[in-house]
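What follows is a short report on a single structure.
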């Protein structure tokens, strides 16, 4: 008996080590367009297809964000294709589903690199995945523009391929900390993260600024993305009785579930989250009123309120039947910048050269985006300038309560 | 210190759920000496069935029937579907392997587990499902005793689990059928000679375990308000730990093990570290296997069921 159970447990431990929480989904690749007949006419024409790698969590826990991501990318590419594509060929999207898992992200990146017609990558969505694809893309000089990876360290590793169209958590963190202390008058703060690169990084930034502001009552806790029962944690929070409960959680569904349990335990603290929770479906509708009055920060404006984005919002709604989701506008902007870059790079022997695209994208200056701000990349690939916005949940929507402009880093 | 009563409430709620799932593990192990690792996934399917019924009866944010009726329907549908899965699983995956080496049914269990998980993933997608519980169990339904909050869903979980566990305990210990189950667990061959249809008893054991898992799935989904297709894996491992903790094969042991594990996890999170919940649970499992493999209530040669 002793031996039997022991051997079974040994087998079990070995198995659980190799059964991942979710199995990788094969990459969905669009079939290459049939080679168009050569037409030796005026403008230069590409010899082969031109492909853009789009990487994000298209399945799994963050699938809702991933779908918004993909929708916005398709919208941008289709607009270009309607105008004739680039160099006489239609632009194709190669989908790479990374499920926000760094290991899966690396496989996706290898796939992009090994296809010579992929000349640029949009994504990944999460900081953890971005961190793992960067060294792979760097080797192939394949440019990357992430719409939403906010971890500050990503830009500090010397990778030339790295670019982002969002401010970083080195700005978002202090903005959040300043907001809760100066605007909400917080004296004590609990911080919960989900152990992801993004959440831990943002938590660190917030904690640092809070300490600089003289807040001493700070408690930090972690959950995992699989957790569903937060009662023990929230009971601790209730005992701490902080003014503010930061929930740096990537998935708004999970943050909403936490909010519901927080309500059922009678925890007084005001919930505050980062950019990942700027999601109406998950954080407001999914929470069934439990997030009323909560605050979230976001790395861009309420896209519905930006005049330049009107056309984008209408087109998105009519095509996909819903408002553009969390990072949709950022994705659309990133894709347009990449395509402008490819256009600027020109052809070499009928081919688009990855290095030329990288240089053209890196040189982007004052690109007029639908985010309402001109986009220029810094030497490190960060967005120069940018604004962090604060929103509060009121009824069924986010209401902007503050905006903080950031200096370029 | 102020959090002790609340953590006690948390631990008991969690423990009842673990106990409910652990029973299925324990009964199947008691009778066949196999670990049915697909059991956690039966629980997951149960949660999805409950979600399906609730979503179907939720028209425009309003329940189509009184809350009690909706809850009863959720339980009934989930327990029926899970019971059938339990029967099918035993008949298709385990019965053909009954005389095979011990590793074969274990691998079959993992196969069934993956089949259930990915059937749900393919049919319903990999994105977690959010359960809108507010119309069924309004958050205002809760009592507050000196800072300790007990929501109605917790009372429901404890009440339903205790009721089901009590019913099972009665069934096994004081009915003819129960005697047949115990006899089969003790010595299958001898039971057969006594005229017991052991195949049917084994099927029944799987059925009973699966309907308890189904009930657990519904209760958990109302509490967690979020479902995903891999939730059965961890839940199954925890329930297995609970079953071993109590003495695998022992019904009252499984209940006690569940309760102990729930309490240890809650207090471990409160007083040791919030992020090492699973570490605490599995450390207990390992220590137990080294020092007391027969569990708290188990004897060296237990009369298993």
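All but one of (1) more than 21 Å from the chain's Cα centre (by Cα); (2) under 21 Å from residue B:65 (Cβ atoms) hold for residue B:146; state the number of the condition that does not hold.
Single failed check for residue B:146: (2).
Suppose the filter is at pLDDT 95 or above, crowded, with 20+ Cβ neighbours inside 10 Å and out of contact with any strand residue (DSSP E or B) (no Cβ under 7 Å at 6 or more places or on another chain); does residue B:75 pass it? Write out each step before concluding.
Working: at pLDDT 95 or above: yes; crowded, with 20+ Cβ neighbours inside 10 Å: yes; out of contact with any strand residue (DSSP E or B) (no Cβ under 7 Å at 6 or more places or on another chain): yes.
In short, yes.
What number of residues within region B:128-148 satisfy the criterion of being free of Cβ contacts under 8 Å to residues at least 24 places away in the same chain and either crowded, with 16+ Cβ neighbours inside 10 Å or closer than 19 Å to residue B:42 by Cβ (or both)?
3
Being without any contact (Cβ under 8 Å) to a residue 24 or more places away in the chain, away from every other protein chain (no Cβ under 14 Å), surrounded by fewer than 20 Cβ atoms within 10 Å (Cβ to Cβ) and at positive phi: is that true of residue B:195 here? So that I can check it myself, show each step before the final result.
On the way: without any contact (Cβ under 8 Å) to a residue 24 or more places away in the chain: yes; away from every other protein chain (no Cβ under 14 Å): yes; surrounded by fewer than 20 Cβ atoms within 10 Å (Cβ to Cβ): yes; at positive phi: yes.
Here the answer is yes, as residue B:195 does meet what is asked.
Output the number of residues of region A:340-396 satisfying the condition of being on the phi > 0 side of the Ramachandran plot and touching a helix residue (DSSP H, G or I) at 6+ places or on another chain (Cβ under 6 Å). Show your work before the answer.
So in region A:340-396, the residues on the phi > 0 side of the Ramachandran plot come out as A:346, A:349-350, A:366, A:372, A:381, A:385-386, A:395.
Among the residues that remain, those that are also touching a helix residue (DSSP H, G or I) at 6+ places or on another chain (Cβ under 6 Å) are: A:372, A:381.
Residues in region A:340-396 being on the phi > 0 side of the Ramachandran plot and touching a helix residue (DSSP H, G or I) at 6+ places or on another chain (Cβ under 6 Å): 2 in total.
Every residue, every condition in (1) surrounded by fewer than 24 Cβ atoms within 10 Å (Cβ to Cβ); (2) within 19 Å of residue A:261 (Cβ to Cβ); (3) more than 10 Å from chain A (Cβ to nearest Cβ), yes or no:
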site: B:3; (1), (2), (3): yes, yes, no
site: B:12; (1), (2), (3): yes, yes, yes
site: B:15; (1), (2), (3): no, yes, yes
site: B:20; (1), (2), (3): no, no, yes
site: B:23; (1), (2), (3): no, no, yes
site: B:27; (1), (2), (3): no, no, yes
site: B:33; (1), (2), (3): yes, no, no
site: B:37; (1), (2), (3): no, no, no
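Quick check on residue A:339: is it touching a strand residue (DSSP E or B) at 6+ places or on another chain (Cβ under 6 Å) and in a helix (DSSP H, G or I)? Give the steps one after another, and end with the answer.
Values: touching a strand residue (DSSP E or B) at 6+ places or on another chain (Cβ under 6 Å): no; in a helix (DSSP H, G or I): yes.
Spelling it out, it is not the case that residue A:339 is touching a strand residue (DSSP E or B) at 6+ places or on another chain (Cβ under 6 Å) and in a helix (DSSP H, G or I).
Of the residues B:47, B:93, B:88, which is within 14 Å of chain A (Cβ to nearest Cβ) and either part of a helix (DSSP H, G or I) or over 15 Å from the mean Cα position of the chain (by Cα) (or both)?
Numbers: B:93 fails: within 14 Å of chain A (Cβ to nearest Cβ); B:88 fails: within 14 Å of chain A (Cβ to nearest Cβ).
Testing whether each residue is within 14 Å of chain A (Cβ to nearest Cβ) and either part of a helix (DSSP H, G or I) or over 15 Å from the mean Cα position of the chain (by Cα) (or both) leaves just B:47.
Give the residue, chosen from A:181, A:192, that is facing chain B (nearest Cβ under 10 Å) and touching a helix residue (DSSP H, G or I) at 6+ places or on another chain (Cβ under 9 Å). Can you show your working first?
Working: A:181 fails: facing chain B (nearest Cβ under 10 Å).
When all the criteria are applied, what remains is A:192.
Out of curiosity, is residue A:269 surrounded by fewer than 24 Cβ atoms within 10 Å (Cβ to Cβ) and either in contact with a strand residue (DSSP E or B) (Cβ under 9 Å, 6 or more places away or on another chain) or at the interface with another protein chain (Cβ under 10 Å from one of its Cβ atoms) (or both)?
On the way: surrounded by fewer than 24 Cβ atoms within 10 Å (Cβ to Cβ): yes; either in contact with a strand residue (DSSP E or B) (Cβ under 9 Å, 6 or more places away or on another chain) or at the interface with another protein chain (Cβ under 10 Å from one of its Cβ atoms) (or both): yes.
Considered against the rule, which asks whether it is surrounded by fewer than 24 Cβ atoms within 10 Å (Cβ to Cβ) and either in contact with a strand residue (DSSP E or B) (Cβ under 9 Å, 6 or more places away or on another chain) or at the interface with another protein chain (Cβ under 10 Å from one of its Cβ atoms) (or both), residue A:269 comes out as yes.
Given the conditions (1) buried (at least 24 other Cβ atoms within 10 Å of the Cβ); (2) part of a helix (DSSP H, G or I); (3) without any contact (Cβ under 8 Å) to a residue 60 or more places away in the chain, which single one is not true for residue A:258?
Condition (3) is where residue A:258 drops out.
How about region B:129-141: which of its residues are part of a strand (DSSP E or B) and facing chain A (nearest Cβ under 7 Å)?
To start, the set of residues in region B:129-141 that are part of a strand (DSSP E or B) comprises B:129-130.
Matches in region B:129-141: B:130 only.
Cβ-Cβ below 8 Å, separation at least six or inter-chain, first residue in region A:51-64 and in contact (Cβ under 8 Å) with a residue 12 or more places away in the chain and within 14 Å of chain B (Cβ to nearest Cβ), second surrounded by fewer than 22 Cβ atoms within 10 Å (Cβ to Cβ) and in a strand (DSSP E or B): which pairs?
Final answer for the pair search is A:58/A:95.
Mind listing whichever residues of region B:164-190 are under 17 Å from residue B:29 (Cα atoms) and either in contact with a strand residue (DSSP E or B) (Cβ under 7 Å, 6 or more places away or on another chain) or exposed (fewer than 14 other Cβ atoms within 10 Å of the Cβ) (or both)?
B:187, B:189 - these are the residues of region B:164-190 that are under 17 Å from residue B:29 (Cα atoms) and either in contact with a strand residue (DSSP E or B) (Cβ under 7 Å, 6 or more places away or on another chain) or exposed (fewer than 14 other Cβ atoms within 10 Å of the Cβ) (or both).
Test residue A:47 against the criterion of being part of a helix (DSSP H, G or I) and either at pLDDT below 85 or away from chain B (no Cβ under 14 Å) (or both), and give yes or no. Break it down into steps so the answer makes sense when it comes.
On the way: part of a helix (DSSP H, G or I): no; either at pLDDT below 85 or away from chain B (no Cβ under 14 Å) (or both): yes.
In short, no.
Considering only residues that are within 11 Å of another protein chain (Cβ to nearest Cβ) and in a loop (DSSP other than H, G, I, E, B), look in region A:277-317 and name the one that is surrounded by the most Cβ atoms within 10 Å (Cβ to Cβ).
Here the residue is A:287.
Go through (1) out of contact with any helix residue (DSSP H, G or I) (no Cβ under 9 Å at 6 or more places or on another chain); (2) part of a helix (DSSP H, G or I); (3) within 8 Å of chain A (Cβ to nearest Cβ) one by one and return the number of the condition residue B:144 breaks.
Just one mismatch for residue B:144, condition (2).
Using the structure shown, decide if residue A:229 is touching a strand residue (DSSP E or B) at 6+ places or on another chain (Cβ under 8 Å) and surrounded by fewer than 24 Cβ atoms within 10 Å (Cβ to Cβ).
Numbers: touching a strand residue (DSSP E or B) at 6+ places or on another chain (Cβ under 8 Å): no; surrounded by fewer than 24 Cβ atoms within 10 Å (Cβ to Cβ): yes.
No; evaluated as a whole, the condition is false for this residue.
Would you check if there is a residue in region B:52-65 being within 14 Å of chain A (Cβ to nearest Cβ) and either closer than 16 Å to residue B:164 by Cα or in a helix (DSSP H, G or I) (or both)?
Checked against the condition, which is being within 14 Å of chain A (Cβ to nearest Cβ) and either closer than 16 Å to residue B:164 by Cα or in a helix (DSSP H, G or I) (or both), region B:52-65 yields at least one hit.
Can you tell me which residue within region B:96-126, out of those that are assigned to a loop (DSSP other than H, G, I, E, B) and touching a residue at least 60 places away in the same chain (Cβ under 8 Å), is farthest from the other protein chains (Cβ to nearest Cβ)? Explain how you work it out, then say what you get.
Keep residues of region B:96-126 that are assigned to a loop (DSSP other than H, G, I, E, B), which gives B:98-102, B:125-126.
Remaining after also requiring touching a residue at least 60 places away in the same chain (Cβ under 8 Å): B:98, B:102, B:126.
Details: B:98: 17, B:102: 7, B:126: 4 Å.
Here the residue is B:98.
If the requirement is being farther than 30 Å from residue B:128 by Cβ and out of contact with any strand residue (DSSP E or B) (no Cβ under 9 Å at 6 or more places or on another chain), which of these qualifies: B:214, B:247? Working first, answer last.
Details: B:214 fails: farther than 30 Å from residue B:128 by Cβ.
Exactly one residue qualifies, and that residue is B:247.
Taking residue A:309, is it at pLDDT 95 or above, on the phi < 0 side of the Ramachandran plot and more than 21 Å from the chain's Cα centre (by Cα)?
Details: at pLDDT 95 or above: yes; on the phi < 0 side of the Ramachandran plot: yes; more than 21 Å from the chain's Cα centre (by Cα): no.
Spelling it out, it is not the case that residue A:309 is at pLDDT 95 or above, on the phi < 0 side of the Ramachandran plot and more than 21 Å from the chain's Cα centre (by Cα).
For every residue, the table says whether it meets (1) closer than 17 Å to residue B:130 by Cα; (2) in contact with a helix residue (DSSP H, G or I) (Cβ under 7 Å, 6 or more places away or on another chain); (3) at the interface with another protein chain (Cβ under 9 Å from one of its Cβ atoms); (4) surrounded by fewer than 24 Cβ atoms within 10 Å (Cβ to Cβ).
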residue: A:212; (1), (2), (3), (4): no, no, no, yes
residue: A:224; (1), (2), (3), (4): no, no, yes, yes
residue: A:241; (1), (2), (3), (4): no, no, no, yes
residue: A:245; (1), (2), (3), (4): no, yes, no, no
residue: A:254; (1), (2), (3), (4): yes, no, yes, no
residue: A:275; (1), (2), (3), (4): no, yes, no, no
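The values are calculated or read from the model by the stated rules, or taken from the named source; none is laboratory data. Treat the numbers as computed from the prediction; the structure is a model and nothing was measured. Cβ: placed from backbone, ideal geometry, glycine included. Neighbour counts: every protein chain shown.
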